[in-house]
Amino acid sequence: MRNARLTTMAFVCAISLCATSNAWAQNKYTISRSPSSTSQYLQQRAIDVDDIPGHQVRVYEIRYEFPENDFAFAGVKVKENLTRGLSDYVNLSGPFTTYAVYMLEDGNKVFSRSNGTAQFTTNADGSRVIKFSFVENFVGGTGKFKGIRGQVVGSGERAPVTKTLLTAQSSGEYWIEE
């Protein structure tokens, strides 16, 4: 009886070690800067809520292209990103949620979901900007990126017009579960 218990315990420990070593063996990739990109709003629709002045809900779609080829997942370059989002702003300030699809040059895709907050503000020089912060979670993909997981935290700013330069910084990590 005692030998059976010892054998069972040894087996459970061996299985646990194997399972944990697979998790330890996963490569983690870091994202430590924002890639060069150009962006364009493809469509957007804002609806006044009418409860207080300046309150709008909005849905939108933005295409990002990466002409510098300086953004990749596990060595596969990103061609473009389509981001669909919704915001609940009062005078250009408030929460937003986005869903992104990264199209890679090998035909695969990476999917993410982000939540963030935007704040409309006036700089000391009188210029007006929207400052934002976000958390992006990688939630899956196609092909070898099916099990991609991870998180990026970022912030940035843009002028409060549709066609504008967007500056952003982000950092985080991702891994691919098998």
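Miscellaneous remarks
- Restricting E157, E136 to residues that are under 11 Å from the mean Cα position of the chain (by Cα), surrounded by 15 or more Cβ atoms within 10 Å (Cβ to Cβ) and charged (D, E, K, R) narrows the list to E136.
- Residues of the range 139-154 satisfying the condition of being buried (at least 17 other Cβ atoms within 10 Å of the Cβ) and either among the aliphatic types (A, V, I, L, M) or at pLDDT 95 or above (or both): G141, F145, I148, G150, V152
- When residues of the range 110-128 are limited to those that are charged (D, E, K, R) and either under 13 Å from the mean Cα position of the chain (by Cα) or not in a strand (DSSP E or B) (or both), the one farthest from R149 (Cα to Cα): D125
- Being assigned to a strand (DSSP E or B) and farther than 21 Å from T167 by Cα is not true of R84.
- Listed by first and then second residue, the pairs with beta-carbon distance under 8 Å, at least 6 apart or on different chains, first residue in the range 58-71 and without any contact (Cβ under 8 Å) to a residue 24 or more places away in the chain and outside any strand (DSSP E or B), second surrounded by 15 or more Cβ atoms within 10 Å (Cβ to Cβ) and of a type in the set (D, E), form an empty list.
- Hits in the range 25-45 - residues which are modelled with pLDDT under 75 and over 22 Å from L82 (Cα atoms): A25, Q26
- A count restricted to the range 61-81 and to residues that are under 30 Å from V49 (Cβ atoms) and touching a Phe, Trp or Tyr at 6+ places or on another chain (Cβ under 8 Å) stands at 3.
The values are calculated or read from the model by the stated rules, or taken from the named source; none is laboratory data. These numbers were taken from a predicted model, which means no experiment stands behind them. As a convention, Cβ positions derive from the backbone with ideal geometry for all residues, glycine included, and neighbour counts pool all protein chains shown.
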